[in-house]
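K.L.:
Following this message is one structure expressed as structure tokens.
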Amino acid sequence: MAKYTSLILFISVYSQLTQAFNLKFRAREHFESNTVKGIQSQDNKYKGLTNTLNIWHEIPLDYSIGLAISPILKGPDYKGGEGTELGKRMHLFHYNIEFKHYLNSKTPYYFYRLGAGRSILKSEGAIKRVWGNNIYAGLGIEFKFSVFGLALEYAVRKSYFADDISVTTQTPSIGFHFYELI
């Protein structure tokens, strides 16, 4: 019974907050290419598909600001590294504040996105879990159709961890924005 009461309370609070602050949910899919430095003497490269969920205040095709969580699911097992500290698989998680802004009224579909936040690197090697900070910068274009937008973006994220470990992520992404439905 307590589970259902909590769910009803959550839905009630959620609907009030989304209306009061004009909060929107947006998701985008990425193909990430990660280069990890600071592990032994070699660069370790990991690639995989991932995703991001934005929960933010939005004025469509003008600006958005709020939280970004990546990946929203477990995330991929990035494969490719051979370093003993990371092993052959790793996971990257990011919790950011992001700002997205469309350039101007003459080019209403071009945008940039900036972000900063915390990262967690987990691996199957000797480095089990380490926290760090990250910065994010992206450029993109959105194509608006009758009820949705299709956004294409290219971004770079730089994550810094303890022991001089850093991860440079190149991430082309695609987002579907259902403006009229959500």
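K.L.:
Check each of the trypsin sites (Lys or Arg not before Pro) in the range 113-163 and keep only those in coil by DSSP with at most 16 other C-beta atoms within 10 angstrom; list them in order.
P.N.:
LYS128
K.L.:
Further question: What whole-number value in Å² describes the accessible area per residue of the range 102-182 for a 1.4 Å probe?
P.N.:
55
K.L.:
Efficiency by 1/(1 + (r/R0)^6): what FRET value for ASP43 and PHE143, r their Cβ-Cβ distance, R0 = 35 Å, to the nearest 0.05?
P.N.:
Plugging the Cβ-Cβ distance into 1/(1 + (r/R0)^6) gives 0.45.
K.L.:
Considering only C-alpha atoms, what is the centroid distance from the range 41-63 to the range 80-152, in Å?
P.N.:
The range 41-63 and the range 80-152 have Cα centres spaced 2 Å from each other.
K.L.:
Can you pick out the pairs among LYS45/LYS106; LYS24/LYS128; LYS100/LYS128; LYS122/LYS144; LYS24/LYS158 whose Cα atoms lie more than 31 Å from each other?
P.N.:
On the way: LYS45/LYS106 40 Å; LYS24/LYS128 34 Å; LYS100/LYS128 33 Å; LYS122/LYS144 38 Å; LYS24/LYS158 26 Å.
Those over the limit are LYS45/LYS106; LYS24/LYS128; LYS100/LYS128; LYS122/LYS144.
K.L.:
Using the basic label-point model (7 angstrom from Cα toward the beta carbon), what is the LEU150 to ASP164 distance in nanometres?
P.N.:
Placing both labels 7 Å along Cα→Cβ, they lie 4.6 nm apart.
K.L.:
Okay, moving on. Amide H neighbours of MET90 under 5 Å, at least 5 residues apart or on other chains, H built in the peptide plane: list them.
P.N.:
Here TYR78 satisfy the definition.
The values are calculated or read from the model by the stated rules, or taken from the named source; none is laboratory data. What you see is a predicted model, and the numbers here were worked out from it, not measured in a lab. Virtual Cβ from ideal backbone geometry, glycine too; neighbours counted across all protein chains shown. Heavy atoms of the whole protein, side chains included, go into the accessibility calculation; ligands, DNA and RNA do not. Shrake-Rupley method; radii C 1.70, N 1.55, O 1.52, S 1.80 Å.
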